[in-house]
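Here the structure is laid out as structure tokens; the discussion comes afterwards.
The numbers here are math on the coordinates, done by the rules we state, and not lab data. Small disclaimer: the values here were computed from a predicted structure and weren't measured. No Cβ is skipped: glycine too gets one built from the backbone with ideal geometry, and neighbour counts run over all protein chains shown.
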Amino acid sequence: MEQTLSIIKPDAVAKNVVGQILSRFEAAGLRIAATKKTRLSRVDAEAFYAIHAERPFFKDLVDFMISGPVVVTVLEGEDAMAKNRELMGATNPAEAAPGTIRADFADSIDANAVHGSDSVENAEIEINFFFAQREIY
Ligand code: ATP
Ligand code: MG
């Protein structure tokens, strides 16, 4: 079964919509294999988003991701990576399709409610960043 990583970002956690977002994953047939609430340190966030280090929005992205707790989840199911990306909607909520998580819960391209792995290879790296194997079922 394919696995992918989801992060419910600080804006959505602050809005108290964690349960609503997790419900959407389950309703779409994805299973929660692991989940926890945590808060990233600056070093954690910089490492997690290292791929974006040269982008102009990198510092704002890191500042935002450490501004409050997040909920990280391993989702499992058929085509889990693509299915999660579809449920999330476009990066910019203004362009996200109606009914997607970002259309319904995100306010801006910075505070865009969720992160999802963008390839199966990155999913494995991101899952290992947050979880030990003994935490995933
Ligand atoms: P994520 O990686 O969070 O799942 P994504 O894959 O849709 O989102 P990326 O291109 O990987 O988008 O960008 C990572 C994050 O950086 C975005 O979710 C967003 O919060 C932020 N970001 C991306 N592009 C911009 C931008 N032009 N201005 C400000 N922030 C941006
Ligand atoms: Mg991305």
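Could you work out how far apart the two model spin labels at ILE51 and SER119 are, taking each label as a point 7 Å from the Cα in the direction of the beta carbon, and quote it in nm?
Result for the modelled spin labels: 0.7 nm.
By how many nm would the segment from GLU26 to ALA82 lengthen if fully extended, with 0.36 nm per residue of separation less the alpha-carbon distance?
Between GLU26 and ALA82, full extension yields 18.7 nm more.
So what is the orientation-averaged projected area of segment 1-119, using the convex hull of its C-alpha atoms, in nm²?
Average of the hull's projected areas for segment 1-119 equals 6.8 nm².
Using a Gaussian network model of the chain whose springs link C-alpha atoms within less than 10 Å, name the residue from ALA94, ALA27, ALA111 with the highest mean-square fluctuation.
Evaluated over the chain, the most mobile residue of the options is ALA27.
Using only alpha carbon pairs under 8 Å that are at least six residues apart, calculate the relative contact order of segment 50-137 and give it in whole percent.
Reported as a whole number, the value is 22 percent.
How big is the convex hull of the Cα atoms of segment 65-137, per residue, in Å³?
In segment 65-137, the Cα convex hull volume per residue is 104 Å³.
Hydropathy first: keep DSSP H helices in the chain averaging at least -1.0 on Kyte-Doolittle, then drop any whose Cα extent along the axis falls short of 30 Å, and list what survives.
Helices meeting the criterion: none.
Would you please calculate the Kirkwood hydrodynamic radius of segment 1-64 over all C-alpha pairs and express it in Å, rounded to one decimal?
13.7 Å
Using the structure shown, select from LYS37/LYS59; LYS9/LYS37; LYS36/LYS83 the pairs with a Cα to Cα distance greater than 18 angstrom.
As for pairs spanning more than 18 Å Cα to Cα, those are LYS37/LYS59; LYS36/LYS83.
Under 17 Å Cα to Cα from LYS15, which aspartates and glutamates show up? Leave out anything in the same chain fewer than 8 places away.
ASP104, ASP107, ASP110
What FRET efficiency do you get for ARG39 and ASN128 if R0 is 22 Å and r is their Cβ-Cβ distance, rounded to the nearest 0.05?
The computed FRET efficiency comes out at 0.70.
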